[in-house]
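Novice: I am attaching a structure below and will ask some questions about it afterwards.
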Amino acid sequence: MQLYGVKVMEISTLPSYIDQNFLVVDKEGTKNVLKIVNSEESKNTTLLEVQTLAMYLLCQYGVPAQTVLPTTTGQLMSMEEIDCGHGAQIYCVRLLTYLPGKTIAESPVTLQDLYYFGKMAATIDNTLQQLVSPNLDVLQKEDAPWSLLNIHLLEDYLSVIDGDPLQEVVKAVIEQYKSSVQPKINSFRKGIIHGDLNDQNIIVTPLGNGHHEVSGILDFSLLSNDCYVCEVAIEIMYLMLEHPSPLDVGGAVLAGWESIMVLSEYERDSLFLLVLGRFCQSLVYGRYNVQKYPDNKKYLMTTAKSGTRLLNKLWELGKEEVEKKWFHDASTYSGKL
C-alpha cells in the first residue's frame, strides 16, 4: 500500500462481479476498500472520474456513498500494470472508504425498510440531477448490455441457456418487451441513475425497533443516463431475491420511490416487464460470465439461486395480477407512512 502511505495489518477479499475488492485494515484499525477495476473498464478513465464525482456529490447531500481517497501524490486513481494470471495488463486502482453494516441480502428487512429503500433510490437519482461535469456525455451508453432499454440484446446470448426451459420464458419476455415497452420509451423521463441498486450494493445497519437504515451505497460502475423507471425496476427485482414474501416487495419499493418521483401511466404500465427483463439479464449474463470467469461462479450465479423460480412465478401469474397487487400495495403505503 505504498501508493497510499498505509501500513497494512490485515487484508481480505470482498465479493465482486468482475472487479477485485479487498478489505484493508491499517495499524490504527481503520478500514478501507482497495478496488482494482477490471481491465476493460480501466481503459475509460473519464467515466471513472465522473463516477467518483457522483459519489462525492451524493455524500455532500447526505447520501452514504463511498468516496475515493487520494494517493500520497493526491491522485484519486492510479493506473498500475498488474499480472492477475492472464499476463500483465493496466488496471485502475482506487482506495475507497469503508462503510459499516451488512448487505440487504444478509439482513431480515421489513416492508417499511423496503419503502425507505425505494425512497432512497429516488433521492439518489434526484440528487444526481445536480451533477455537473464537462464529461457527462460518457454516461450516454446506448449499447450498454445492462441497460433495461437494451433487453433485446439478450438475443445474442441465449445460447448459454440452450436446453434450459428458462430459455423459452426469456424469449417470451424479450418479445413482449419489444411489442409493449419499446414503443413507450421515448415518453419515459431520463436522467442520471445509479443503475445497479441491488441487494449486494445497499448496506444497512439495524435500528433498535427491528427496522434498518441505509448506511452505504456501493458500486457506481453502471452509472448512466437512463430512464428513471429502470432504476425502480432494478431495485424491485433484486430486493425480491432474498425476501420471504417476494410479491410484497414491489408495492413497498414503488410507494417509497413515488414519495419523491411519481411514475407516469406509461412508466407504470412498463414496470412489470422491466422487472422481468432485469431477471432475464441477470440470469443470462450471469451464465455467460461464468464461462469467462469460472473462478467467480458462486458470486456470478447469485441471482440464479432464487431468480429462476421467481421469474417463472411472475411470468405464470402474469402482468395484470402482479401489477394489481403492486399498485394496490403502493396506494396503501401513502396512508401509513
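Novice: If you go through the stretch 57-64 one residue at a time, do you hit one that is of a type in the set (Gly, Ala, Ser), surrounded by 15 or more Cβ atoms within 10 Å (Cβ to Cβ) and either closer than 26 Å to Ser224 by Cβ or modelled with pLDDT under 90 (or both)?
Specialist: no
Novice: Another question, then. Just the residues that are surrounded by fewer than 17 Cβ atoms within 10 Å (Cβ to Cβ) and assigned to a loop (DSSP other than H, G, I, E, B), please, taken from the stretch 99-114.
Specialist: Result: Pro100, Pro108, Thr110.
Novice: If you go through the stretch 28-40, how many residues are of a type outside the set (A, V, I, L, M), open to solvent by less than 60 Å² (accessible area, probe 1.4 Å) and either over 19 Å from Val214 (Cα atoms) or part of a helix (DSSP H, G or I) (or both)?
Specialist: 4
Each row is one residue, and each column tells you yes or no for (1) farther than 20 Å from Asn225 by Cβ; (2) open to solvent by less than 40 Å² (accessible area, probe 1.4 Å); (3) touching a helix residue (DSSP H, G or I) at 6+ places or on another chain (Cβ under 7 Å).
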residue	(1), (2), (3)
Tyr116	yes, no, yes
Ile124	no, yes, yes
Thr127	no, yes, yes
Leu148	no, yes, yes
Gly163	yes, no, no
Val181	no, yes, yes
Ile185	no, yes, yes
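Novice: Read through the list (1) open to solvent by 10 Å² or more (accessible area, probe 1.4 Å); (2) at pLDDT 95 or above; (3) in a helix (DSSP H, G or I), then give the number of the only condition that Gln291 fails.
Specialist: Every listed condition holds for Gln291 apart from (2).
Novice: Scan the stretch 43-58 and tell me whether some residue there is closer than 30 Å to Pro294 by Cα and outside any helix (DSSP H, G or I).
Specialist: yes
Novice: Please go through the stretch 71-105 and give me each residue that is within 30 Å of Glu213 (Cβ to Cβ) and either of a type in the set (Ser, Thr, Tyr) or in contact (Cβ under 8 Å) with a residue 40 or more places away in the chain (or both), ordered by number.
Specialist: Arg94, Leu95, Leu96, Thr97, Tyr98, Leu99, Pro100, Gly101, Lys102, Thr103, Ile104, Ala105
Novice: Right, here's the next one. Restricting the search to the stretch 123-134, which residues are in contact (Cβ under 8 Å) with a residue 24 or more places away in the chain and over 20 Å from Gln66 (Cβ atoms)?
Specialist: Within the stretch 123-134, just Gln129 meets the criteria.
Novice: Return only the number of the condition from (1) touching a residue at least 12 places away in the same chain (Cβ under 8 Å); (2) assigned to a loop (DSSP other than H, G, I, E, B); (3) within 18 Å of Cys280 (Cβ to Cβ) that Ala172 does not satisfy.
Specialist: (2)
Novice: Just need a number here: residues in the stretch 233-263 that are surrounded by fewer than 24 Cβ atoms within 10 Å (Cβ to Cβ), more than 16 Å from the chain's Cα centre (by Cα) and not small (Gly, Ala, Ser).
Specialist: The qualifying residues number 10.
Novice: Could you grab me the full set of residues in the stretch 1-12 that are under 24 Å from Ala88 (Cβ atoms) and at pLDDT 90 or above?
Specialist: Ile11
Novice: Give the residues of the stretch 219-231 that are in contact with a strand residue (DSSP E or B) (Cβ under 8 Å, 6 or more places away or on another chain) and farther than 16 Å from Thr127 by Cα, sorted by residue number.
Specialist: Cys230
Novice: Which number in (1) acidic (Asp, Glu); (2) open to solvent by 70 Å² or more (accessible area, probe 1.4 Å); (3) within 16 Å of Asn201 (Cβ to Cβ) marks the one condition that Glu81 misses?
Specialist: (3)
Novice: Now a separate question. Within the stretch 295-316, does at least one residue satisfy the condition of being of a type in the set (Lys, Arg) and buried (at least 16 other Cβ atoms within 10 Å of the Cβ)?
Specialist: no
Novice: Okay, moving on. Please determine whether any residue of the stretch 264-287 is at pLDDT below 95, part of a helix (DSSP H, G or I), open to solvent by 20 Å² or more (accessible area, probe 1.4 Å) and closer than 30 Å to Arg94 by Cα.
Specialist: yes
Novice: Sticking with this one: Give the number of residues within the stretch 65-101 that are modelled with pLDDT of 95 or more and farther than 26 Å from Ile192 by Cβ.
Specialist: Summing the residues that are modelled with pLDDT of 95 or more and farther than 26 Å from Ile192 by Cβ in the stretch 65-101 gives 0.
Novice: With respect to Val25, is the statement that it is crowded, with 16+ Cβ neighbours inside 10 Å, hydrophobic (A, V, I, L, M, F, W, C), part of a strand (DSSP E or B) and more than 19 Å from the chain's Cα centre (by Cα) true?
Specialist: When the stated conditions are applied, Val25 passes them.
Novice: Give the number of residues within the stretch 215-234 that are more than 14 Å from Trp257 (Cβ to Cβ) and assigned to a strand (DSSP E or B).
Specialist: Going through the stretch 215-234 one residue at a time, the tally reaches 6.
The values are calculated or read from the model by the stated rules, or taken from the named source; none is laboratory data. Keep in mind it's a predicted model, so treat the numbers as computed, not measured. Cβ: placed from backbone, ideal geometry, glycine included. Neighbour counts: every protein chain shown. All accessible areas refer to the heavy atoms of the entire protein, side chains included, with ligands and DNA or RNA removed. Shrake-Rupley method; radii C 1.70, N 1.55, O 1.52, S 1.80 Å.
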